[in-house]
Amino acid sequence: MATIVFPPSLRAAGPDGEGLPTIRFSASKKGEGVGEFENVQLYMPSGLQFQDSAQYNNIDLGVIRAAKSLVKQKDGTFGFNDLKGDQLEVAGLKLADKLGADQSMTGATALNQGIAFNPQTALAFEGVNLRTFSFAFTLVPESEKDSKTIRQIENFFRKYLYPKVTGFVAHYPPIFSIRFYDAIDGDTESRYMPMIHDSYLTAVDLQINPQGNSFHRTSDGYAPTATQLTLSFAEGRMLSRHDIYRENSLEYNTDRPNSAGITAETSGEG
């Protein structure tokens, strides 16, 4: 697969000339190519941020446990006979509140008796959030060839953000693999950078000449002296621990089982 590298000096940079750490974006569509090249390899941007997060909601276990304590018969009928003392008082106030009694009255009663309902609030796990990523690059050409390469890079990402449309059918855009490498021609992913599963490109933000308004002449016209490109991605599906880590290990599973570009089925527990 053809690859565009920018800046081209990445290939020979580094203390031993083996190249510098890079980030590679590869676009692919099942069963078909995406164009004259499929990979864009850029310098590692600074200030990268990654966020993994989960959703939890509050659940009041006190209500559930109080309801269970009122169940007297197997047929589900309720009674207060098994409640005594403060439990009976609090249950009565809670029931009155649910029946629409004036809250100031029930609140005053509870205050006078020095009792209150204990909600026994706990956190209930709901799921993990889909991860999103943003990468910002400032591409500065040193030659006319560089300017044309930057134009190709810009159009590569913008083109494959959009779907292919046939009549009233919109076909999914290509999905991107995003991988970090220590060397530009290496095949082993960096062990110090987070692993990202197959993702969709959700935004392309372009700023021409962010620090000035100068252009240089090329055979195709006047090209900007700097292009700031910000790319936003979202992973194709929610992940589990098994999708990210190897079994009984803290090492990333770079095989990316069940990544969005492989199958839409979810993986098993891990």
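The values are calculated or read from the model by the stated rules, or taken from the named source; none is laboratory data. The structure displayed is predicted, hence computed values, not measured ones. Ideal geometry is used to build each Cβ from the backbone, glycine not excepted, and the neighbour counts take in all protein chains shown.
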So D187, is it surrounded by fewer than 17 Cβ atoms within 10 Å (Cβ to Cβ), in the same structural domain as A27 (by TED's automatic domain parsing) and not hydroxyl-bearing (S, T, Y): yes
Among all residue pairs at least 6 apart or on different chains, which show Cβ distances below 8 Å where the first residue, located in the stretch 132-157, is assigned by TED's automatic domain parsing to the domain that holds L239 and the second is of a type in the set (D, E, K, R) and part of a loop (DSSP other than H, G, I, E, B)? K148/D220
For the subset of the stretch 184-230 comprising residues that are small (G, A, S) and over 19 Å from P141 (Cβ atoms), which member is nearest to the chain's Cα centre (by Cα)? S199
Only listed residue being crowded, with 17+ Cβ neighbours inside 10 Å and either at pLDDT 95 or above or not acidic (D, E) (or both), chosen from P141, P210, P194, P163: P141
Could you tell me whether any residue of the stretch 184-198 is more than 21 Å from E36 (Cα to Cα) and in a strand (DSSP E or B)? yes
Strands (runs of 3 or more DSSP E) lying entirely in the stretch 1-63 (those with 3 or more residues that are loosely packed, with under 13 Cβ neighbours inside 10 Å and modelled with pLDDT of 90 or more): 54-60
